[in-house]
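Everything on this sheet refers to the single structure shown next.
The values are calculated or read from the model by the stated rules, or taken from the named source; none is laboratory data. This one's a predicted model, so the numbers in the text were calculated from it and none came from an experiment. A quick note on method: Cβ atoms are made from the backbone with ideal geometry, for glycine too, and the neighbour counts reach across all protein chains shown.
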């Protein structure tokens, strides 16, 4: 049977074809680990009993040698 939206026929609309300009950087797959850490995000499965603020502080200390200075956090409520 399925859900109602599963029966809807969909089509992709392409307004125009574009290509990535290498002058603006690299594809994420071509970046080094250091570059990915500086420009991306890390998913951290925080253990119970440690605050998010503390986990972010620890991550900042670990990543300091890579000149990563901005660390933030987001997610579920504290346990």
Conditions first: (1) in a helix (DSSP H, G or I); (2) on the phi > 0 side of the Ramachandran plot. Residue 53 passes all but one, so which condition is the exception? (2)
Would you point out the residue of the stretch 29-50, among those that are in contact (Cβ under 8 Å) with a residue 24 or more places away in the chain and assigned to a helix (DSSP H, G or I), that is nearest to residue 69 (Cα to Cα)? 38
Checking residue 26 against (1) farther than 30 Å from residue 64 by Cβ; (2) assigned to a loop (DSSP other than H, G, I, E, B), the condition it does not meet: (1)
Check the stretch 48-64 and report whether any residue there is surrounded by 13 or more Cβ atoms within 10 Å (Cβ to Cβ) and modelled with pLDDT under 80. no
